[in-house]
Structures are given as C-alpha cells and as structure tokens.
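What follows is one structure encoded as structure tokens, with my remarks underneath.
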Amino acid sequence: MSGPSTYEPSNGFTKWLDARLPIIRFAKDTAIDFPTPKNLNYWWTFGGILAVCLVVQIVTGIVLAMHYVASTEDAFASVERIMRDIDYGWLIRNIHANGASMFFLAVYIHMFRGLYYGSYKSPREVIWILGVVIYLLMMATAFMGYVLPWGQMSFHGSAVITNLIGAIPIIGDPIKTYLMGGPAIGDPTLNRFFSLHYLLPFVIAGIVVLHIWALHVPGNNNPTGVSVKDVKKDTLPFHPYYTVKDGFAIVVFLILFAYFVFYAPNALGHADNSVEANPLQTPSHIVPEWYLLPFYAILRAITFDIGPIPAKLLGVIAMFGSIGILFVVPWLDTSKVRSMRYRPIAKQLFVLFVLASVGLGFCGANDPDKFVFKFGPDKLIVNYVDTQGNAQVSGRFDNFEGAGGAQEFVSKLPPSAGASVALSEEGFKWLWLSQILGAYYFLYFLVFLPLLGIIEKPKARPPSIAESVRKKHVSVPAAAVNPAPVAAE
Amino acid sequence: MSEHGSKAATANAGHAGDAHAGETRRDFIHIAAASVAAGGVAAVAWPFIQQLGPAADTRAASSAEVDVSKVPEGSEIRVLIGGMPFFVRHRNAVEMAKAVADDKLPMRDPATDESRLVKMQDGAYNPKILVTSGLCTHLGCVPVGPAQGSTGDFGGWYCPCHGSHYDTSGRIRKGPAPKNLAVPKYEYLSASMIKISL
C-alpha cells in the first residue's frame with residue numbers, strides 16, 4: 001500500500017544513518033506518511049487503543065513483578081503488601097487488573113469491527129489470523145495472571161481450567177500433569193504460570209508487529225469495504241489525520257479506564273479472590289473473569305452426550321471450537337462484498353450475533369439452573385414414600401393451607417410416608433438460554449456466513465472511497481453501481 | 001508538522017492580519033496539547049518512580065532494641081536492622097585506654113573517643129559499649145572483628161576487601177577507607193538497653 005518512499009534525509013547525520021539503518025525512513029513511511037483511507041470511523045481507533053493497552057499492561061506488569069513473590073506461601077501476602085505498603089502499589093495494581101478488562105473490552109470491539117466490515121477477507125486473511133493468535137495468547141496470559149494473586153478464584157479457577165484439558169481423551173491427563181507439575185495446583189504451577197505470564201506479553205508484542213506488518217501490505221480496510229483505487233483521492237497521510245483521531249479516541253478510552261481504576265477498582269473482579277486460596281474449599285459460585293464468560297457458558301451449555309462422546313469432552317470441544325472457528329472465518333464467509341453496510345441480511349444476523357455473544361456472557365455469569373424468568377408464581381410439592389416404599393413427588397399445589405392445599409394432601413398420608421413440603425419453581429433456565437445462544441453462535445459461522453454469500457443480494461456500493469465521502473456532503477446522486485458482487489472490490 | 005495544517009493556519013493568520021505575525025491559533029493548540037501531554041507524562045511517571053523507594057513496611061521496620069549486657073567483654077555482637085549491619089562492641093579496659101590514648105594522634109578523620117559515644121539516661125557516658133555501623137566506609141564491605149579472629153593493626157576491625165584498619169573506637173587508621181565507622185542514631189532506654197534507628 002505504501003507507495004515509493006518520500007523521505008529525504010535533511011542533514012549529514014540523517015543521510016549517514018539512512019544509508020546504514022533507514023529507521024527514520026521506515027518510521028516516516030509506516031507511521032507518518034502511510035496512506036490511510038479517508039473515511040475511517042471511530043471503530044478504527046481500537047487498534048491504537050489496543051497498542052496503548054499492551055504497553056500499559058507491560059509497564060505496570062514489570063513493576064508488579066518487582067514486588068510480587070511467586071510462592072503459594074507468600075503470593076497472597078505479597079499482593080496485599082503491594083496494595084498497602086508499596087508507594088502507589090494500589091494504583092499500579094489497579095491499573096494492571098482493570099487494564100486486563102479494558103484490553104479485552106477493546107479487543108472485542110476491534111474483533112466485532114473486523115467481522116462487520118469484512119476486514120478478514122482477501123487480501124487481509126493473514127492479518128485476521130494473526131489477530132486471532134494474539135487473542136488466544138491474551139486469553140492464556142489473562143488466565144495465568146489471574147492465578148497469581150492466589151485468591152480463592154485464582155486457585156479454583158485454575159483447577160477448573162486445567163481439568164478441562166484433562167477431559168481430552170488419552171493425552172489430556174498427561175498434559176494436565178505437565179501443566180501443573182504435580183498432582184494438584186501448587187508451587188510448581190504458580191511458578192511456571194508467573195514465568196509464562198511474564199513471557200507471553202512479549203510474544204504478543206512480537207505478533208502485534210507481524211499483525212501491523214501484514215496490515216501495511218494491503219493497507220486498511222474501510223467502512224465501505226471498497227478498495228483504495230486512487231491513493232491521492234481516497235487516502236490521507238496517517239499523520240496528522242489519524243494520529244489525532246486515534247489520540248482523541250485513546251484519551252476518551254483512558255477516561256473510562258481511569259473511572260474504573262479510581263472509582264470502581266473491584267467492580268469487574270470477584271470478591272472471592274480477596275480470600276486467600278484454600279485447596280479444601282471451593283467457593284459456592286465459581287466464575288471466570290467477565291471476558292471469558294461467553295466461552296464458559298458454551299462449555300456449560302453441553303449437558304448431553306452425543307453418541308460415544310461424553311458431555312464433558314463435548315463441552316470442551318465446543319468451547320475450544322468457538323474460538324478455533326475464528327481462524328477459518330475468512331473461508332466460511334463466501335460473500336464477495338466486504339462491508340455489511342451493503343449486506344441487508346448479513347447485517348441483521350450480525351446484530352443478533354453480537355447480542356448472542358453478549359447474552360452468552362450473561363449466561364456464563366449466572367447459575368445455569370437458575371431462571372432467566374419464571375413461568376409463574378412458585379408452587380409447593382410434597383415429597384413422600386408410598387406404601388410400596390418408593391419415593392414419590394406429588395403434583396404442584398398453589399397453597400399450603402385450605403382445600404386443595406399441600407397441608408391437606410400431607411394430612412391424608414400415613415405418618416410412615418415421611419412427607420415433606422418443598423418449594424417448586426418453574427421457569428426458563430439460563431442453561432437453555434446458553435444452549436440457544438451457543439447454537440446461534442455456531443450457526444452464524446457455519447451456516448449463515450457460507451450461505452448468505454450465495455443467496456443474499458447486496459445493495460449498491462459506492463464506486464470509490466472518495467465518492468462515498470463526497471456523497472454525504474453534495475446532493476449529487478452517487479454514480480450507479482452494479483449491485484452484483486464483483487470479485488475485486 | 002503537516003503541510004495541510006500549516007497552510008490552513010497561514011490562511012487564518014492572514015485573515016486576522018494582527019500584530020502577532022507568524023503566531024497562529026494552531027501554534028497555541030500545539031503548545032497547549034504538548035503541555036497537557038507533558039503534564040500527563042509527569043503525573044504518570046511520578047508513581048512509577050516512587051514505587052521503587054522503600055515501602056511502608058520497610059520504613060516501619062527501621063529500628064531495633066539491643067540488650068548490651070549480653071555482649072561478652074572484649075567481643076561484639078552484630079545486629080541487622082532493615083538489612084544494615086551494626087556492631088555493638090563491649091570493650092575491655094585495654095581497648096578503652098588505647099582508644100582514649102590515641103585521641104591526640106593525627107588521623108584521617110579526627111574524632112575523640114568520647115565524641116563517638118552516646119550519653120546514658122543519667123547523663124554519663126558508657127565507654128564500655130561502642131556502637132558503630134558495620135559497613136566499611138570504603139566500599140561497604142563488613143569488616144571482621146574479634147569474633148572472626150582478626151582486629152587489624154589497631155585492635156578494632158579489619159576490612160578484608162581492601163585492607164582498611166579501624167581502631168578500638170572504630171576510627172580509620174590505615175588503608176583506603178576515607179571515614180571512621182559511622183556512629184548510628186541510638187539512645188539508651190535503660191542502663192543495659194539501647195535502641196538503634198536507621
């Protein structure tokens with residue numbers, strides 16, 4: 001995308017350097033002059049925001065590692081020391097802990113942006129795949145980071161995740177043992193998680209470099225999905241137009257970030273993690289951090305065996321599959337039209353997809369056997385033993401007292417029945433919602449995206465980026481465009 | 001700066017046509033934005049530098065009480081306070097006499113033996129007990145003393161790193177060290193109890 005370099009070394013030193021290490025030329029071509037579509041909206045600022053997030057996490061993480069002690073004896077106390085005794089330790093830890101949430105918030109918006117505007121389509125498949133790799137590494141890093149404070153959620157959350165891997169037949173158990181370095185989560189696990197939690201962000205940074213490199217080959221996609229045809233008319237230099245736009249978005253994002261750090265530092269966390277890990281007692285309600293909840297919901301949605309595959313393994317397959325499917329999205333989507341602006345059906349299904357993803361998050365946060373809503377008022381049932389000695393459950397009663405009530409039913413039973421009255425609730429379970437939304441998640445990728453490319457009739461697209469921008473301001477009808485999909489937009 | 005930007009700015013200035021030739025509203029924006037950014041960087045940098053300093057619990061653990069009656073005569077005990085070594089030496093009569101006798105000799109860091117002691121609660125000095133820092137003033141090694149079997153040429157301490165000799169009052173007498181062994185802040189809580197602070 002970047003044309004011939006326009007950099008002219010201005011003095012003796014820069015000429016000397018340019019002939020040996022053309023780093024100023026590189027910076028000018030890729031970050032200053034880089035031709036960027038002139039119609040990018042604010043959804044395109046999240047790349048810059050994510051770069052800021054990564055830097056913030058690395059800088060605060062390096063500081064925290066100076067004070068943290070990776071040992072099951074001292075980890076929890078060392079984190080408390082950071083919060084209480086280290087000067088500004090509370091600030092730096094709150095930035096790091098909330099920074100993880102901010103990082104995921106931004107990455108989800110960035111990914112939805114890519115899905116809506118078809119940024120994964122040819123020739124940008126490798127950018128997308130590298131992005132999914134970064135996302136996977138982020139999840140691994142976040143998971144291991146969450147173990148380090150050695151709270152109740154840290155410990156039992158990591159136990160659940162390592163046991164997930166144990167569900168894989170044959171190789172699962174040995175992998176699990178190698179992961180934990182012992183029969184259970186303990187010192188060896190904590191130490192290797194700390195080591196990897198420090199390493200992986202730098203791996204992420206490396207892949208971010210590849211991600212940006214791959215981006216700079218075809219250049220940015222844009223809201224119309226129409227390729228740049230005339231660099232002069234369709235693009236603007238990255239600086240100052242997008243440095244300022246990104247900069248403004250970053251400042252707004254940092255305001256939200258600062259709100260959480262200073263006013264609600266624990267709002268996104270879980271109270272149970274303020275209790276030191278106790279291997280003898282699992283918290284009553286165990287959930288991952290919010291950004292992993294949709295996948296947790298998909299994992300729990302599978303409560304049934306299919307043929308020889310047990311539900312446990314099936315859940316693990318579904319969970320990993322829901323992430324793995326992202327790698328092949330460029331080939332699942334058969335439409336030649338990039339932007340969903342011009343895809344009337346896909347656009348609606350995309351909105352449903354976003355709602356399903358967010359909904360799965362709520363499913364993950366709630367007890368699967370509790371109710372989204374109840375069908376009616378709670379009723380009463382009676383448990384008793386019949387004359388043959390079999391356990392029985394009565395029908396549902398509206399009342400305890402009075403005619404037709406539970407009390408009347410109990411009074412007719414012999415004392416040997418051991419009758420007891422219980423509350424009977426009926427409603428729409430979170431489990432069912434997660435099954436419906438999880439099914440939609442997979443349908444969207446596996447059925448709708450491949451099918452729509454064939455059956456959907458896209459709307460007219462602007463002939464060029466420049467034309468699409470001008471159309472808004474000048475009331476001249478845009479040149480008619482062939483609505484049929486064209487291979488090379 | 002961008003060509004587009006400066007062109008627009010020049011046009012604005014032309015319209016205004018006032019006395020501030022060459023100064024534009026765009027210049028103001030640049031200076032204002034850079035100032036805010038610099039302020040932000042400084043505000044963020046401060047906690048990240050400050051966290052490197054001693055933490056509150058480290059600062060709190062910066063004194064210790066020592067029972068000097070437990071120190072055997074002619075020897076010393078060594079005390080660690082916040083990782084810093086201190087010597088508490090119980091001098092015998094010969095060592096005390098030598099320290100006072102040498103007061104008038106030329107030294108690199110002249111000091112009388114009495115100036116290196118602290119008054120007890122009754123206002124009298126206790127010349128038997130000498131309290132000094134355990135760090136050689138040359139490069140911070142811990143000198144050896146009577147308990148390690150070497151007291152140097154002057155009967156006090158000897159630093160094995162670069163050969164500094166200290167006398168029985170902890171004064172530098174020979175070798176590269178520039179200063180006497182420092183006397184820490186300490187006070188007598190009773191006749192036999194002292195409190196040393198960092």
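Structure notes:
- The reciprocal of the average 1/r between distinct C-alpha atoms defines the Kirkwood hydrodynamic radius, which for region A:272-362 equals 16.2 Å.
- In this entry, region A:16-79 is assigned a mean projected area of 8.1 nm², taken as a quarter of its C-alpha convex hull surface.
- Restricting the GluC sites (Glu not before Pro) of region B:64-109 to loop positions (DSSP other than H, G, I, E, B) with no more than 15 neighbouring Cβ atoms within 10 Å leaves B:E73.
- When each full DSSP H helix of chain B is screened for a Cα extent of at least 27 Å along its own axis and an average Kyte-Doolittle hydropathy of at least 0.0, the helices passing are B:25-50.
- Remark: A:T235, A:T387 ranked as A:T387, A:T235, counting other beta-carbon atoms within 10 Å and listing the fewest first.
- Least to most buried among A:I171, A:I317 (fewest other Cβ within 10 Å first): A:I171, A:I317
- Largest-first principal axis extents, alpha carbons of region A:218-265, Å: 48, 21, 15
- Rounded to 10°, Cα long-axis angle of helix A:125-147 versus longest principal axis of chain A: 50
- Percentage, to the nearest whole number, of Cα pairs in the protein assembly as shown over 51 Å apart: 40
- Taking only the Cα atoms of region A:377-425, the radius of gyration and Dmax are 10.4, 33 Å.
- Cα-Cα over 25 Å, subset of A:K38/A:K457; B:K128/B:K179; A:K347/A:K374; A:K374/A:K412; A:K15/A:K38; A:K312/A:K429: A:K38/A:K457; A:K347/A:K374; A:K374/A:K412; A:K15/A:K38
- Helix A:89-116 axis, angle to chain A major axis (alpha carbon atoms, nearest 10°): 80
- Relative to the longest principal axis of the Cα atoms of chain A, the long axis of helix A:46-67 makes an angle of roughly 70 degrees.
- Cα gyration tensor category, rounded, prolate or oblate, for region B:58-197 with a/c compared to 1.5: oblate
Taken together, the values in this text are just the output of simple stated rules run on the coordinates, not laboratory data. Just so it is clear, the structure is predicted and the values come from calculations on it, not from any experiment. So basically every Cβ, Gly included, is an ideal-geometry build from the backbone, and we count neighbours across all protein chains shown.
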